[in-house]
Amino acid sequence: MVSRDKALELFRKYNKSESLYHHALEVEAVMREAAAKSGEDQDYWGIVGLLHDIDWEMFPEEHCKKAPELLKEIDLPDDMIHAICSHGYGLVTDIQPERQMEKMLYTIDELSGLVHATALMRPEKMKGITVKSVKKKWKEKSFAAGVNREVISKGAEMLNMDISELIQLTIDGMTKVAAETGLWPAEG
């Protein structure tokens, strides 16, 4: 399997935006958390999460379509490429998430954005954030309007998981990288 360092180097080659880098770290962390909870390979799930938006910054019009070509640079296996491309199902691609890991990526790509936006509104950021506070923001359609709540709901259905459980999983994963992504309050 491809090392995390090699995956990160490729990601940074095609993505210079710090916010996109932070998003990649958050999705990677949540995918690792989900893998750990379901007894799956954390490194495998994590690398898929890290690389999921490989083509977003430089090729936004070809999102999930340019990815296979870029990912071949590090000889990423076809099953990982399929997983990465499936996260844009119904939005930019017709590649359907089939495996549990793909369904998780499809769901938490959007959900991590909602949790991130919610954390930004709090002085203590990710520290002490709750499912309740995220669900409250979920109901405000104008809040984080770019987050596709329909995708999150559809993903939860595909995963046969409750939204609250998914939000908690996302909080747990994102909290682990909060200092690195600027979502941990400054000590002082």
statement: Filtering the range 106-155 down to residues that are on the phi > 0 side of the Ramachandran plot and over 16 Å from the mean Cα position of the chain (by Cα) yields LYS125, GLY128
field: In the range 2-38, the residues that are under 20 Å from THR175 (Cα atoms) and either touching a Cys at 6+ places or on another chain (Cβ under 6 Å) or in a loop (DSSP other than H, G, I, E, B) (or both)
entry: SER38
task: Could you figure out which of (1) crowded, with 20+ Cβ neighbours inside 10 Å; (2) free of Cβ contacts under 8 Å to residues at least 24 places away in the same chain isn't true of VAL27?
output: (2)
- line: Within the range 156-180, the residues that are farther than 16 Å from VAL134 by Cβ, part of a loop (DSSP other than H, G, I, E, B) and under 16 Å from the mean Cα position of the chain (by Cα) are VAL177, GLU180
message: Are there helices (runs of 4 or more DSSP H) fully within the range 62-140 with at least 2 residues that are free of Cβ contacts under 8 Å to residues at least 40 places away in the same chain and surrounded by fewer than 20 Cβ atoms within 10 Å (Cβ to Cβ)? List them.
response: 67-71, 78-86, 131-139
- prompt: Residue check: is ASP55 assigned to a loop (DSSP other than H, G, I, E, B) and either surrounded by fewer than 24 Cβ atoms within 10 Å (Cβ to Cβ) or touching a residue at least 12 places away in the same chain (Cβ under 8 Å) (or both)?
  reply: yes
message: For VAL48, only one of the following conditions fails: (1) surrounded by fewer than 22 Cβ atoms within 10 Å (Cβ to Cβ); (2) closer than 20 Å to THR93 by Cβ; (3) among the β-branched types (Val, Ile, Thr). What is its number?
response: (1)
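May I ask you to say which residue of ALA67, ALA35 is touching a helix residue (DSSP H, G or I) at 6+ places or on another chain (Cβ under 7 Å), modelled with pLDDT of 95 or more, within 20 Å of ASN160 (Cβ to Cβ) and among the aliphatic types (A, V, I, L, M)?
Of the residues listed, the single one that is touching a helix residue (DSSP H, G or I) at 6+ places or on another chain (Cβ under 7 Å), modelled with pLDDT of 95 or more, within 20 Å of ASN160 (Cβ to Cβ) and among the aliphatic types (A, V, I, L, M) is ALA35.
The values are calculated or read from the model by the stated rules, or taken from the named source; none is laboratory data. Treat the numbers as computed from the prediction; the structure is a model and nothing was measured. FYI the Cβ positions are ideal-geometry reconstructions off the backbone, even for glycines, and counts take in every protein chain you see.
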